[in-house]
Amino acid sequence: MVSTPKRRWSPTSLTLRWRLMLAMGLLAALVAAIALASVIGLARVRSTATAAVEVDGLMSQLASAVAIKAQATRRYDQSFFLHLEEPAQREAFRAMWSKAEAELDQAISEFAAAATEAEDQRQARLWQAAYVLYTEGFRNVVADVESGELTSPRAADARLETYHQNIETLNELSDDFAARKRAKAQAAAADLASTTSLIMITLAGLGGLAVLVAVGWSLSFPARLTRPLAALSAAARRLAAGDLGVRTGVTGGDEIGALGMAFDQMAATIEQRTSDLQAQFAAAEAARCEAEAAQAKVAEQLATIAAQRSAILEMSVPILPVAEGVLVLPLVGALDSARIAQAQERALQAVEESRASFVIIDITGVPVVDTQVARGLIELIQAAHMLGARAVLVGIRPEVAQTIVGLGIDLGAMVTRGTLQGGVSYTTQATNGAQHKGLRR
């Protein structure tokens with residue numbers, strides 16, 4: 001048993017409808033993938049923006065820390081001057097100031113380390129410069145107090161007044177900067193949340209709409225495409241089966257519409273030309289029938305002419321019995337090979353049928369006797385002799401006799417007479433003589 005090989009699947013083995021549906025399905029999948037990639041990208045953007053907002057929030061917190069440490073440092077230096085005359089309290093507030101000053105330095109350093117924007121870095125440098133001027137001024141005042149140069153709080157505070165502006169500026173700038181960063185971070189966070197939600201909703205809507213359009217198109221477009229193709233295929237089969245009046249009815253401005261209209265035009269042309277060919281065939285058939293009828297008529301006329309010719313030939317070579325055992329063959333007109341052959345045939349047939357003893361050949365009506373005619377007459381006389389009949393040649397006119405002599409034709413062995421009457425007399429005498437010899441015996 002021979003096994004049938006299995007057909008290997010390939011994309012070209014699918015019908016056009018399924019290939020289009022597959023293509024549109026892939027398009028829908030691609031649109032969905034693009035939408036998904038957009039959502040993922042947006043999520044990454046949101047994450048990045050969130051990180052930026054968080055950075056602004058961190059910078060705001062660091063700026064607030066700088067402002068707080070600056071206020072603490074300023075409060076401790078004032079307390080130091082207020083208790084200038086109390087060494088124990090003064091040293092305690094000095095230690096607190098040193099701790100607050102170290103924390104302020106650390107806060108400014110943390111802010112500078114976290115600063116990524118040029119504005120933040122510039123602000124950090126300003127704070128560091130104000131911090132350095134303030135701390136140097138305060139240490140100089142402390143040194144003057146310890147040396148006894150400054151003994152009253154008022155004098156010490158007046159000496160430090162020049163450097164107070166630096167710490168106050170640092171405090172005000174850091175506080176204002178922290179507020180601005182905090183407001184900016186809050187506004188950016190709110191704007192980011194609103195924008196992200198709007199974009200995600202828009203992308204989701206567009207993606208869903210694109211997927212729905214692609215799915216709907218993948219289901220409807222193949223049907224719209226294959227319907228006219230099916231009509232074209234059915235019309236082609238009907239046209240091949242002989243239905244010349246079939247039309248697709250497919251129209252439109254696209255390639256399939258042009259194909260349908262071209263097919264309909266081709267079918268109309270085939271129908272018209274087939275109709276013309278049928279008309280031409282009918283005309284040719286009628287002409288053939290007319291030709292056959294004319295040919296039959298001509299054949300009939302030819303048969304009539306042949307019959308008439310045969311009758312004429314028979315009349316032109318008559319065989320006449322003039323007495324018992326005597327036949328007369330009168331020849332009239334010019335003799336050709338056909339008439340000579342006919343004369344030979346009719347004479348020999350009559351001799352055989354009537355068992356005649358004499359055949360009188362009358363050439364009175366023959367205008368010319370040439371070699372062909374003489375040879376034919378000699379053959380006739382010899383054939384009749386072989387059948388038991390004697391031939392008598394009569395009617396030789398003088399001019400015919402001269403022609404025969406001039407041609408050198410020897411008629412010496414033949415019985416000749418001048419007229420038919422003489423020939424008949426010869427046959428009568430020959431017959432009577434033969435009868436008389438029979439009685440004597």
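Magnitude of the Cβ-charge dipole of segment 340-389, K/R +1 and D/E -1, about the Cα centre, nearest 20 debye?
Working: 3 positive and 6 negative charges, 12 e Å.
Approximately 60 debye in magnitude.
Give me the extension gain from GLU119 to GLN186: residue separation times 0.36 nm, minus the current Cα-Cα distance, reported in nm with one decimal. Please report the intermediate quantities before stating the final value.
Working: separation 67, 0.36 × 67 = 24.12 nm, distance 1.87 nm.
22.3 nm is the gain from fully extending GLU119 to GLN186.
Ranking request for peptides 287-297, 107-117: highest mean number of other beta-carbon atoms within 10 Å first, then the rest in descending order.
107-117, 287-297
List the residues whose amide H sits under 5 Å from the amide H of LEU393, counting only those 5 or more places along or on another chain, with H placed 1.01 Å from N in the peptide plane.
Hits under the 5 Å cutoff: ILE361, VAL415, THR416, ARG417.
Can you tell me what the convex hull of the Cα atoms of segment 279-390 projects to on average, as an area in nm²?
If you wrap the Cα atoms of segment 279-390 in a convex hull and average its projections, you get 9.7 nm².
Aspartates and glutamates within cross-link reach of LYS184: Cα-Cα under 19 Å, excluding same-chain residues under 8 positions apart?
Counting by Cα, and skipping residues close in sequence, LYS184 has these aspartates and glutamates nearby: GLU54, ASP56, GLU117, GLU119, ASP120, GLU172, ASP175, ASP176.
So between ALA293 and THR202, what do we pick up on full extension, going 0.36 nm a residue minus the alpha carbon distance?
Here the segment from ALA293 to THR202 would lengthen by 23.6 nm.
Taking 0.36 nm per residue of sequence separation and subtracting the Cα-Cα distance, how much length would be gained by fully extending the chain between SER98 and ARG375, in nm to one decimal?
81.9 nm
Rule-based calculations on the coordinates, nothing more; no lab input. Bear in mind that the values here come from a model prediction, so they are computed numbers and not experimental data. Quick reminder, even Gly has a Cβ in these numbers, built from the backbone with ideal geometry, and neighbours come from all protein chains shown.
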